[in-house]
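Enquirer: Here it is, the structure, as structure tokens.
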Amino acid sequence: MGQKKKRNSDIEINADFEMTEEEQLNLPLVPLRDIVIFPYMIVPLFIGRGKSIKALEEAMMSDRRIVVVAQKIANVDDPDVEDIYDVGCVCEVLNMVKLPDGTIKVLIEGARRVQILEYLITDSYFAVKVNQLEENTSKNIETEALMRNVLSKFDKYVRLTRTLPPEAYTSATSIEEPGRLADLITSQLVLKVGEKQRVLQADEPEVRLLNLIEILDHELELLDIQKRIQSQVKKQIEKTQKEYYLKEQLKAIHKELGEQDEKTEEIQEIKDRMKKAKPPKVAKEKLESELKRLSKMPFGTAEAVVVRNYIDWILSLPWAKRTKENLNVAKVRQVLDEDHYSLEKVKQRIVEHLAVQQLKKEKTQGVILCLVGPPGVGKTSLGKSIARALDRKYVRASLGGVRDEAEIRGHRRTYIGSLPGRILQAMKKAGVKNPLFLLDEVDKMSTDFRGDPSSALLEVLDPEMNHEFSDHYLEIPFDLSEVMFITTANLTQPIPAPLLDRMEVIHIPGYTEEEKMQIAKGFLIPKAWEKNGIREGQLSIGDEALLEVVRRYTREAGVRNLEREINKICRKQALIIVEQKEKKQKITKSTITRNNITTYLGQPKYRYGLMGEEDEIGCATGLAWTSAGGEILSIEVTLMPGKGSLRLTGQLGDVMKESAQAALSYARTHCDDFGLKKDFYETLEVHLHVPEGAVPKDGPSAGVALASALISGLTKIPVKRTVAMSGEVTLRGKVLPVGGIKEKVLAAHRAGILTIVMPKENEKDYNEISSKVRSHLKTVFVETIDEVLAEALTKPPWKTPPPVASAGKKAAAKKSG
């Protein structure tokens, strides 16, 4: 026997280590997970468990010998005596290194098989008394035959598998001892711990070889089946279809091994998803019914695909999942102010909603707001900002151009390729039952032979019905009552009255110049810098230059074109910076002023202020509302010799034509008051024109302006250029209220108008306008056309003042006094 020598742990030792002739030994034990050590194996191990480290330290203080035994259950961190096999291997520690994380890396060499007789220590570490198992090295004809059989099967195994190199078989042929041959080959196979342990603990070499032959036969059969499966799958698919190949291979494996087929697995998966989805009773009953149908259908048929898609849609809807809403009023105000300037009405409405949520503990019906305003005022972005403030999920559906009812309610399952409507598709995307749902462009839906989508939307937006919204595809009620719906529109007129009745309308008018300046400085300019790569200190836009952009380069109620012009400035500056870098010049800061703005944006696109340069006869300034905000209308009247006809030009709508007829009839009725002949119209042709005729005009707002221009032309009295007016006039001279007051006032403010004349009944609308705008304007509220003429014309037009005019003057004097 070889003599052992004492060595330090960092010195390589002789690999020809042999056991002594003692039959029984008392040695420390290290249990291992997922590995079985055989004699003559040299294996690196990482030791991390406390008992194992203690046992290793005890071995290093004596003769470096330890007993290594596999655990019966791999996932037991602190094994007991019953969890450890009773046959293992005595090993010598060849090298040991302590790692920084406290674990120990050791290199061990297996020596001989041993059987555990008794556990001596089990508390701080395992110490055992072992009996060395004798190894019979003699061979006979039967043993030789077994060895040849093992080598033949191992050779075939190495050729079939890709996990072992060809040298593995070559090294095995040089082994003469039967037991050692069994140990070497078993140690190289990828087997479960129990199978390797069966070979290790067999007493006789012949038994171990027989066990190994049985294992090799099983492995070779699996490899042969795997090879046949691969061959079958390869013939069925193309080389480029890698994903399909993997699925078919998995299917063939399941079929060959006799495991559950895909259909059974899919049904079980659906049942597991049903438990997680927690659908209501009605939906659960429908799911169980469809699942029963699916289980009876042949796998892969077209009908089975339809049923599976239907089940998947039901399970993917958020039946019970919801997000926790932020009810902190201060935080919501802060977020809304960060994202949007002004828009106080909308912000106040959201804060009121939160207050109700805090006071009322039970579930409240979903809020349905309709934001109405011209393009570019931030309706859509406001919806996203509200969702962020409330900590709700945000989903959006655009209804512009939708003309099919199925877009809202979904298609029935009788159609090929049928799907749920946009409402449930968006709910699936949100993943919760209480998102903020933005329905964009609700005023742009249309109707044709496929149904009326606006009528289908009634059930969605009606708080009394949307807790049981029924989609044609699902045919199961879905609760939408916790959804916060926000709709947007440019106009309320195209929205059907029943649908409009379901919504709380909040008008968002155009911005004033001051508001546009603040929005540009607080939001648009920083966003444009980031978008175009401009850093702080490279560009500065002065207030006067910004005001010039607002006045002379944009004409809009919103800020969309203003943002485009600011981006245009940033792009010009980006080009300057890049050219300076290429020429290796110092990057200079550019300051945009009123004087150099044309260098960046070109010549101004619009005239600022349409107020005339002087008072003119037959030329009045009217105020009109458009979808893009308020506009100034210059109404011109000229009189020519004729036969009493009235000519109207300027692409006027029916309402404006009627207003012109009413103005002429009023002038004819009061011809005596204005000092005109009774038959003055018989020798005249009245030509009434509204410039910018490419823009359709069809509203009653210009009635008083038409009358003022006409009477000015007839009486030869100029109209004040500083006065703008709005209102409808009746045949009897009454001035009726009109809409769009804020937009019209803002248009007059932008144009430099000093005095506004508007109907008395619109005073309440005027008071809602910013006090800063009102402070720059003189506003006269009138009830009759005589009061309008008294304010609009440079001098009174009456030769004999009518009683109505006198009463109006007395009322005005009384009010001013």
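The values are calculated or read from the model by the stated rules, or taken from the named source; none is laboratory data. Not measured: the values here are computed from a predicted model. In this analysis, Cβ positions are derived from the backbone assuming ideal geometry, glycine residues included, and neighbour counts consider all displayed protein chains. We work out accessible area using only protein heavy atoms, side chains counted, and drop any ligands, DNA or RNA first. Shrake-Rupley method; radii C 1.70, N 1.55, O 1.52, S 1.80 Å.
Enquirer: Just checking, how many residues over the stretch 425-435 are surrounded by fewer than 23 Cβ atoms within 10 Å (Cβ to Cβ) and in contact (Cβ under 8 Å) with a residue 40 or more places away in the chain? Working first, answer last.
Expert: Residues of the stretch 425-435 that are surrounded by fewer than 23 Cβ atoms within 10 Å (Cβ to Cβ), as a first pass: 425-426, 428-433.
Subset that is in contact (Cβ under 8 Å) with a residue 40 or more places away in the chain: 428, 430-433.
Total meeting the criteria: 5.
Enquirer: Right, something else. Could you tell me which residue of the stretch 339-357 is surrounded by the fewest Cβ atoms within 10 Å (Cβ to Cβ), considering only residues that are in contact with a helix residue (DSSP H, G or I) (Cβ under 8 Å, 6 or more places away or on another chain) and assigned to a helix (DSSP H, G or I)? Walk me through it before giving the result.
Expert: Applying the first criterion (in contact with a helix residue (DSSP H, G or I) (Cβ under 8 Å, 6 or more places away or on another chain)) to the stretch 339-357 yields 339-343, 346-347, 350-351, 354-355.
Keeping just the survivors that are assigned to a helix (DSSP H, G or I) gives 339, 346-347, 350-351, 354-355.
Numbers: 339: 17, 346: 23, 347: 20, 350: 23, 351: 15, 354: 19, 355: 12.
If we take residues in the stretch 339-357 being in contact with a helix residue (DSSP H, G or I) (Cβ under 8 Å, 6 or more places away or on another chain) and assigned to a helix (DSSP H, G or I), then 355 is surrounded by the fewest Cβ atoms within 10 Å (Cβ to Cβ).
Enquirer: From the list 720, 678, pick out the single residue that is at pLDDT 85 or above, in contact with an Asp or Glu (Cβ under 9 Å, 6 or more places away or on another chain) and of a type in the set (Lys, Arg).
Expert: Every option except 720 fails the conditions.
Enquirer: Kindly indicate whether residue 584 is of a type in the set (Lys, Arg), touching a strand residue (DSSP E or B) at 6+ places or on another chain (Cβ under 9 Å) and open to solvent by 60 Å² or more (accessible area, probe 1.4 Å). If you could, list the steps in order and put the result at the bottom.
Expert: On the way: of a type in the set (Lys, Arg): yes; touching a strand residue (DSSP E or B) at 6+ places or on another chain (Cβ under 9 Å): no; open to solvent by 60 Å² or more (accessible area, probe 1.4 Å): yes.
Judged against the criteria, residue 584 is not a match.
Enquirer: If you don't mind, there's one more thing I want to ask. Within the stretch 75-123, track down each residue that is among the basic types (Lys, Arg) and in contact with a Cys (Cβ under 9 Å, 6 or more places away or on another chain). Quick ask: steps written out before the conclusion?
Expert: Applying the first criterion (among the basic types (Lys, Arg)) to the stretch 75-123 yields 98, 105, 112-113.
112, 113 - these are the residues of the stretch 75-123 that are among the basic types (Lys, Arg) and in contact with a Cys (Cβ under 9 Å, 6 or more places away or on another chain).
Enquirer: Exactly one of (1) over 28 Å from residue 369 (Cβ atoms); (2) at pLDDT below 85; (3) open to solvent by less than 10 Å² (accessible area, probe 1.4 Å) is unmet by residue 555. Its number?
Expert: Single failed check for residue 555: (3).
Enquirer: Failed condition for residue 398, given (1) touching a strand residue (DSSP E or B) at 6+ places or on another chain (Cβ under 6 Å); (2) polar (S, T, N, Q); (3) crowded, with 19+ Cβ neighbours inside 10 Å, with all others met?
Expert: (3)
Enquirer: Among the residues of the stretch 494-524, write down those that are in a helix (DSSP H, G or I), under 20 Å from residue 382 (Cβ atoms) and either open to solvent by less than 40 Å² (accessible area, probe 1.4 Å) or not polar (S, T, N, Q) (or both).
Expert: The first filter runs over the stretch 494-524 and keeps only residues in a helix (DSSP H, G or I), leaving 497-501, 513-524.
The next check asks that each one be under 20 Å from residue 382 (Cβ atoms); those that pass are 500, 514-524.
Scanning the stretch 494-524 gives 500, 514, 515, 516, 517, 519, 520, 521, 522, 523, 524.
Enquirer: Ok, one more. Can you give me the number of residues within the stretch 643-656 that are surrounded by 14 or more Cβ atoms within 10 Å (Cβ to Cβ) and under 18 Å from residue 711 (Cβ atoms)?
Expert: Of all residues in the stretch 643-656, those surrounded by 14 or more Cβ atoms within 10 Å (Cβ to Cβ) come to 644, 646, 648, 650-652, 655-656.
If we keep only those that are under 18 Å from residue 711 (Cβ atoms) as well, we get 644, 646, 648, 656.
Adding up the residues that qualify gives 4.
Enquirer: Also: What's the number of the condition residue 719 fails, among (1) of a type in the set (Val, Ile, Thr); (2) within 48 Å of the chain's Cα centre (by Cα); (3) buried (at least 24 other Cβ atoms within 10 Å of the Cβ)?
Expert: (2)
Enquirer: I'm checking my understanding of the structure. Among residues of the stretch 614-642 that are surrounded by fewer than 16 Cβ atoms within 10 Å (Cβ to Cβ) and not hydroxyl-bearing (Ser, Thr, Tyr), which one is modelled with the lowest pLDDT?
Expert: Step one: list which residues in the stretch 614-642 are surrounded by fewer than 16 Cβ atoms within 10 Å (Cβ to Cβ), which gives 614, 627, 638, 640-642.
Filter once more, keeping what is not hydroxyl-bearing (Ser, Thr, Tyr): 614, 640-642.
Details: 614: 82, 640: 90, 641: 89, 642: 86.
Top of the filtered list is 614.
Enquirer: A follow-up question, please. Might you let me know whether the stretch 270-277 holds any residue that is out of contact with any helix residue (DSSP H, G or I) (no Cβ under 7 Å at 6 or more places or on another chain) and either in contact (Cβ under 8 Å) with a residue 40 or more places away in the chain or of a type outside the set (D, E, K, R) (or both)?
Expert: For the stretch 270-277, residues out of contact with any helix residue (DSSP H, G or I) (no Cβ under 7 Å at 6 or more places or on another chain) and either in contact (Cβ under 8 Å) with a residue 40 or more places away in the chain or of a type outside the set (D, E, K, R) (or both): absent.
Enquirer: Taking the stated definitions as given, is residue 138 part of a helix (DSSP H, G or I), of a type in the set (Ser, Thr, Tyr) and open to solvent by 50 Å² or more (accessible area, probe 1.4 Å)? Reasoning before the result, please.
Expert: Details: part of a helix (DSSP H, G or I): no; of a type in the set (Ser, Thr, Tyr): yes; open to solvent by 50 Å² or more (accessible area, probe 1.4 Å): yes.
It is false that residue 138 is part of a helix (DSSP H, G or I), of a type in the set (Ser, Thr, Tyr) and open to solvent by 50 Å² or more (accessible area, probe 1.4 Å).
Enquirer: Give 417, 451 a once-over and let me know the one that is surrounded by fewer than 24 Cβ atoms within 10 Å (Cβ to Cβ) and in contact with an Asp or Glu (Cβ under 9 Å, 6 or more places away or on another chain). Reasoning before the result, please.
Expert: Working: 417 fails: in contact with an Asp or Glu (Cβ under 9 Å, 6 or more places away or on another chain).
Result of the check over 417, 451: 451.
Enquirer: Inside the stretch 591-613, can you point out the residues that are out of contact with any Phe, Trp or Tyr (no Cβ under 9 Å at 6 or more places or on another chain), of a type in the set (Ser, Thr, Tyr) and at pLDDT below 90? Before you say what the answer is, go through the steps one by one.
Expert: Looking only at the stretch 591-613, we keep the residues that are out of contact with any Phe, Trp or Tyr (no Cβ under 9 Å at 6 or more places or on another chain), and these are 591, 593-596, 598-600, 603, 607-613.
In the following step, the residues that additionally are of a type in the set (Ser, Thr, Tyr) were identified as 591, 593, 598-600, 608.
608, the sole residue that qualifies.
Enquirer: Shifting gears a bit: Looking at (1) assigned to a strand (DSSP E or B); (2) over 20 Å from residue 116 (Cα atoms), which is the one condition that is false for residue 100?
Expert: (1)
Enquirer: Also: Of the numbered conditions (1) open to solvent by less than 10 Å² (accessible area, probe 1.4 Å); (2) under 20 Å from residue 626 (Cα atoms), residue 768 fails exactly one; give the number of that condition.
Expert: The failed condition is (1).
Enquirer: Every residue in the stretch 507-553 that is of a type in the set (Val, Ile, Thr), in contact with a strand residue (DSSP E or B) (Cβ under 8 Å, 6 or more places away or on another chain) and more than 24 Å from residue 605 (Cα to Cα), please.
Expert: 508
Enquirer: Looking at the stretch 771-794, can you tell me whether even one residue there is open to solvent by 70 Å² or more (accessible area, probe 1.4 Å), at pLDDT below 90 and more than 30 Å from residue 552 (Cβ to Cβ)?
Expert: No, every residue in the stretch 771-794 fails to be open to solvent by 70 Å² or more (accessible area, probe 1.4 Å), at pLDDT below 90 and more than 30 Å from residue 552 (Cβ to Cβ).
Enquirer: I'd like the full set of residues that are in contact (Cβ under 8 Å) with a residue 60 or more places away in the chain, open to solvent by 30 Å² or more (accessible area, probe 1.4 Å) and more than 59 Å from the chain's Cα centre (by Cα), limited to the stretch 154-183.
Expert: Selection gives 180 alone.
So that you can scan it fast, the table gives a plain yes or no per residue for (1) touching a Cys at 6+ places or on another chain (Cβ under 7 Å); (2) at pLDDT 90 or above; (3) small (Gly, Ala, Ser):
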| residue | (1), (2), (3) |
| --- | --- |
| 8 | no, no, no |
| 15 | no, no, yes |
| 24 | no, no, no |
| 28 | no, yes, no |
| 31 | no, yes, no |
| 40 | no, no, no |
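Yes/no matrix, rows are residues, columns are (1) out of contact with any Pro (no Cβ under 9 Å at 6 or more places or on another chain); (2) surrounded by fewer than 16 Cβ atoms within 10 Å (Cβ to Cβ); (3) within 30 Å of residue 25 (Cβ to Cβ); (4) β-branched (Val, Ile, Thr):
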site: 102; (1), (2), (3), (4): yes, yes, yes, no
site: 111; (1), (2), (3), (4): no, no, yes, no
site: 120; (1), (2), (3), (4): yes, yes, yes, no
site: 195; (1), (2), (3), (4): yes, no, yes, no
site: 201; (1), (2), (3), (4): yes, no, yes, no
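Enquirer: Take residue 346 and tell me if it is within 30 Å of residue 527 (Cα to Cα), modelled with pLDDT of 90 or more and in contact with a strand residue (DSSP E or B) (Cβ under 6 Å, 6 or more places away or on another chain).
Expert: Numbers: within 30 Å of residue 527 (Cα to Cα): yes; modelled with pLDDT of 90 or more: no; in contact with a strand residue (DSSP E or B) (Cβ under 6 Å, 6 or more places away or on another chain): yes.
Here the answer is no, as residue 346 does not meet what is asked.
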